[in-house]
Amino acid sequence: MAAVENKINTILVGQDIEKRIVFKNALKALKIEPFQYFFEVEKGMFYLDAYGVIKPDFIFIEAGKKEDALEAISKIRSSQQFDTTSIVLHNTGYNETDTKDVFSAGANVAIRKNYDFNGLKTVLNHIIRFDSQYHSGTNNRETYMLSI
C-alpha cells in the first residue's frame, strides 16, 4: 500500500490513550504529519484559534458515547473555520441509527469496526484518498459521507 504523499494536517481527539496511539502510529506509517492530540474538542479548537495554526484537513474523533460525539461535531461545525474540515468518527459500539445521527450532525466518515494496526492503516489510507477527490474535483466536500 502506497503512503499518501501530500502534507495533511490532522487532529486526533479522544480520551482513550491506547486508541490514540494506534491512530497516531497508523497515520505516521502513512507519512501523514503534522498532527496534534487533544483529550477534548474544545482544547483543540482553542489551540487552533489562539495560535493561528493551519486549519486541519481531518479531525479524527474517538468518542465513547453518541451524545459526546454529537456535541463534539456540533462544536466543530459551529465554527466557520472548520466548514471544509472532514470529521472522522471512530466508535465500535455505534449501530446504524447512531451512525445516521452523527452523519446528520456533520460527520463525514464513521469507522464502526475495530481494526488491527494494518487494517487501520488500510482504512485511513482509503479515507484520505476518498477525501482527496473533494479537494480537486467537482464533488461537494461538505456533504460527503462514508461508513466503514
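For the reader, a short list of remarks on this structure follows.
- Every residue from the stretch 39-52 that is more than 15 Å from Q80 (Cα to Cα) and without any contact (Cβ under 8 Å) to a residue 12 or more places away in the chain: K43, Y47, A50, Y51
- Listed by position, the helices (runs of 4 or more DSSP H) enclosed by the stretch 1-78 that each have at least 2 residues that are surrounded by 14 or more Cβ atoms within 10 Å (Cβ to Cβ), under 14 Å from the mean Cα position of the chain (by Cα) and at pLDDT 85 or above are 17-29, 66-77.
- Just one of the listed residues (N118, N108, N95) is touching a strand residue (DSSP E or B) at 6+ places or on another chain (Cβ under 6 Å), of a type outside the set (A, V, I, L, M) and either loosely packed, with under 13 Cβ neighbours inside 10 Å or modelled with pLDDT of 80 or more (or both), namely N108.
The values are calculated or read from the model by the stated rules, or taken from the named source; none is laboratory data. Every value quoted in this text rests on a predicted model; they were computed, and no experiment measured them. Note: ideal-geometry Cβ built from the backbone for every residue, glycine included; neighbour counts use all protein chains shown.
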